[in-house]
Every structure is written in structure tokens, then in C-alpha cells.
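Novice: Got a structure for you, written out below as C-alpha cells; questions coming shortly.
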Amino acid sequence: MAETRPKNLLGFLRTREGVGILAILVTAMLIAIKLIASFITGSISIRADAFHSIIDLTGAVIGLTGIKVAGRPPDDEHAFGHGKAENLAGSIIGLLILGAAVFITWEAIGRLVQGAPIQMVATGIYITLAAIALNLSVSVYGLKVARRSDSLALEATCRDLLADSMSSIAVLAGLVLVMVTGIHIFDAVVALIVAVVIARTAIITMVKSAAGLMDRRLPGHEEEAIKSEVENHRMVLSYHKLRTRKSGNERHIDLHVQVPPDLTVEDAHSICYELEKAIQSRLPRANVVIHIEPPEAQVPAPPGASMRKQ
């Protein structure tokens, strides 16, 4: 579902699209800061962190594109909307994050083999501290907006930024160790640790996004909420063929409900309307389709399906 565009900047920055644009601007700034620091100091860990930010920027653009496409209303070619654009964007971002991990590992191993001193360590520490503060602020805030709006693409973007923050913290620790001990190998070792952190984020992001692309059923607690509303309705005798899936931040639910056979069409419609509103009150952005049946139309439920006894 499309978000209503706010009339002021503060309101816009509370939307998933606004946070997506903010992430792009902040990441572009971080790339410039880290590249300058890497050239000044010669630090492979800062350079790796800068490359990660470049991946972040690419991912943020892809994520924002996914959010914009997912917000489009249904059309003739996409009757169920464009929600899966967010899942697709999240999967692409995950692959980019994994690519960053591979690149950083390659660079760090090369530095371990060749060995090279770094310079102006204190300058690198100050720049890295500033990058951490900026990145953490945006990623933590963005994750709050992503959870509130249930946006997979924005969550993937902000997880990428958060991983960047964690890698910057590792870089900071490495620079401090180099400054205290004078052992420059710590710079490359930290870069390898950063690569592991980034790879873990990539796997989490891809698994979550792929689940939506494969039409995985809703989480157990959400399906229980649906069953609770159906079972507690005064006119529902039983139900079966409950199917659920998620597309972006929208939930799609359909089921067969059995009601007394003497109801009028208007009564049956009222039951469907009441159930739809009850489920939507528990699960936001839910699209509910209900098929009404008389009791004798009961069909044996497939394995794993829920059935309430009459």
C-alpha cells in the first residue's frame, strides 16, 4: 500500500521512502570520508570499510527503488500489487553485501602476505569515530521505521548500514591496537573480522527476503491470530483451506468458512466483512479473501491444515 506523502520534511523522514533517501545521502558522505582516510593513512581496513559503504550506497538505491515500486497500486498486469519488489530488492542487496565480504577478504589476505605500514593513525581513528556516530544514528532510526512500516527493502538497507557501523567499530579497534602496539598486521586482521560480520549480515538478509519470494506462510503467531478471530466468530461452524503468504509489507490470506445453510446472501456477506475487519485489526495491511460454504460442503483438509470441529 502506498504511503500518504507528508507535507513537511520531518514527516517525510518518518516514512520508509524518506529514510531510504536519507540512507543514500549519509552513505555517499561516508564513502567520501572513508576514502579520504584510507588514502591519508594507507589503512586496508579503512579502505575495506569504504568499499563496504560503496556497496551500501548501491544497496540503498536498490532498496529505495524497491520501496517505490512496491508502493504502486495494483494494475492489470499485477492484480495483487507490487509488494514482491521489496523482497527482490532485499535479495539483491544481500548478494551485494556478500560480494563486499569476499572483496574485503581478498584485500586483507593480500595485505597479510605483502605487509605494509599505515600512517597518521590518530587521524584515521578520529575519522572512523565520526563515521560510526553518523552511521549508527541513521541505521538504528531506519530500522525503527522499517519495523513500523514492515518494509523488507528498508530493513535490508538499514541492516547493511548497521553492519557497516559494526565493521567501522572493528576498524577503530584495529587502529587503536596499531597505535598502541606498533604492530601493523592488526589492520589486516581486523579487515578479515569485518568480512565475517558483513557475510553474516548478507546471509540473514537473503534468507529473509527469499522467504517472501517463495510465498512462505505467515509466522505461526500471525496465523494463530487469524484462527482465533475465525473460531471466535459466533456464526462460523468450521473452517479449512487456510492459506497465507506475504508480499512486501502486505499479507494475503484466504480460507473457506462454513456457516449455517439458512443464511441469506446478505448475512453471508456480513460475516465475511466482519471477519475481514477483525483479521485486519490484528494484522496490518492484510488482504483477506473468504469463501463461504454450507456445512455439507465440507472437504477433508490436507495434512497440516487447521479444522475446527462442529
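The values are calculated or read from the model by the stated rules, or taken from the named source; none is laboratory data. Please read all numbers here as calculations on a predicted model, not as lab measurements. Backbone-built Cβ (ideal geometry, glycine too); neighbour counts: all protein chains shown.
Novice: When you go through Arg148, Arg111 one by one, which is the residue that is in contact with a helix residue (DSSP H, G or I) (Cβ under 8 Å, 6 or more places away or on another chain), assigned to a helix (DSSP H, G or I) and of a type in the set (Lys, Arg)? Walk me through it before giving the result.
Specialist: Working: Arg148 fails: in contact with a helix residue (DSSP H, G or I) (Cβ under 8 Å, 6 or more places away or on another chain).
Exactly one of Arg148, Arg111 is in contact with a helix residue (DSSP H, G or I) (Cβ under 8 Å, 6 or more places away or on another chain), assigned to a helix (DSSP H, G or I) and of a type in the set (Lys, Arg), namely Arg111.
Novice: Quick one: which residue in Ala210, Ala191, Ala202, Ala195 is in contact with a helix residue (DSSP H, G or I) (Cβ under 8 Å, 6 or more places away or on another chain) and under 30 Å from His291 (Cα atoms)?
Specialist: Numbers: Ala191 fails: under 30 Å from His291 (Cα atoms); Ala202 fails: under 30 Å from His291 (Cα atoms); Ala195 fails: under 30 Å from His291 (Cα atoms).
The unique qualifying residue is Ala210.
Novice: Against the condition in a loop (DSSP other than H, G, I, E, B) and β-branched (Val, Ile, Thr), how does Val236 come out, does it pass? Before you say what the answer is, go through the steps one by one.
Specialist: Details: in a loop (DSSP other than H, G, I, E, B): yes; β-branched (Val, Ile, Thr): yes.
Yes: the conditions hold for Val236.
Results for (1) outside any helix (DSSP H, G or I); (2) at pLDDT 80 or above, shown as yes or no for each residue.
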{"position": "Ile67", "(1), (2)": "no, no"}
{"position": "Ala79", "(1), (2)": "yes, no"}
{"position": "Glu86", "(1), (2)": "no, no"}
{"position": "Ser91", "(1), (2)": "no, no"}
{"position": "Tyr126", "(1), (2)": "no, yes"}
{"position": "Ala130", "(1), (2)": "no, yes"}
{"position": "Leu136", "(1), (2)": "no, yes"}
{"position": "Cys158", "(1), (2)": "no, yes"}
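Novice: Out of (1) more than 23 Å from Glu17 (Cβ to Cβ); (2) assigned by TED's automatic domain parsing to the domain that holds Thr65; (3) not basic (Lys, Arg), what's the single condition that is false for Thr157?
Specialist: Going through (1) more than 23 Å from Glu17 (Cβ to Cβ); (2) assigned by TED's automatic domain parsing to the domain that holds Thr65; (3) not basic (Lys, Arg) one by one, Thr157 breaks only (1).
Novice: Sticking with this one: Ala195 - would you say it is among the small types (Gly, Ala, Ser), over 30 Å from Glu17 (Cβ atoms), at pLDDT 90 or above and surrounded by 15 or more Cβ atoms within 10 Å (Cβ to Cβ)?
Specialist: On the way: among the small types (Gly, Ala, Ser): yes; over 30 Å from Glu17 (Cβ atoms): yes; at pLDDT 90 or above: no; surrounded by 15 or more Cβ atoms within 10 Å (Cβ to Cβ): yes.
Spelling it out, it is not the case that Ala195 is among the small types (Gly, Ala, Ser), over 30 Å from Glu17 (Cβ atoms), at pLDDT 90 or above and surrounded by 15 or more Cβ atoms within 10 Å (Cβ to Cβ).
Rundown of residues vs (1) under 30 Å from Arg111 (Cβ atoms); (2) touching a strand residue (DSSP E or B) at 6+ places or on another chain (Cβ under 8 Å), yes/no style:
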{"position": "Gly182", "(1), (2)": "yes, no"}
{"position": "Asp187", "(1), (2)": "yes, no"}
{"position": "Arg200", "(1), (2)": "yes, no"}
{"position": "Gly220", "(1), (2)": "no, no"}
{"position": "Val230", "(1), (2)": "no, yes"}
{"position": "Thr244", "(1), (2)": "no, yes"}
{"position": "Arg251", "(1), (2)": "no, yes"}
{"position": "Pro260", "(1), (2)": "no, no"}
